[in-house]
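The values are calculated or read from the model by the stated rules, or taken from the named source; none is laboratory data. Because the structure is predicted, anything quoted here is derived from the model rather than measured. With ideal geometry, Cβ positions are generated from the backbone for all residues, glycine too; neighbour counts draw on all protein chains shown.
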Ligand code: SF4
Ligand code: SF4
């Protein structure tokens, strides 16, 4: 089984490009609320938490969130 996983969460700059590209490709709209990947910031620490929904389809084998992340936070993994 293959998944998108979070390799370097501390590097995440919170730009939310991954959310925008995911929603655009799958829903035709740049609306992070529709994205399969969610980026949340802890209000007090500023730490980032990234979650990927179970229904992520890996963009049919070419994960766009990985491609567009500007700092290489995400990675493709095969079990
Ligand atoms: S695109 Fe990369 S740096 Fe930007 S929010 Fe997503 S994981 Fe973080
Ligand atoms: S791999 Fe594709 S469907 Fe899954 S979270 Fe990334 S952009 Fe969205």
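Of note:
- Residue 60 vs. criteria modelled with pLDDT under 95 and closer than 23 Å to residue 1 by Cα: yes
- Subset of region 34-52 (residues that are at pLDDT 95 or above and more than 10 Å from ligand 1 (Cβ to nearest atom)): 34, 36
- Complete set of residues in region 59-75 that are within 10 Å of ligand 2 (Cβ to nearest atom) and out of contact with any strand residue (DSSP E or B) (no Cβ under 6 Å at 6 or more places or on another chain): 59, 60, 61, 62, 64, 67, 68, 69
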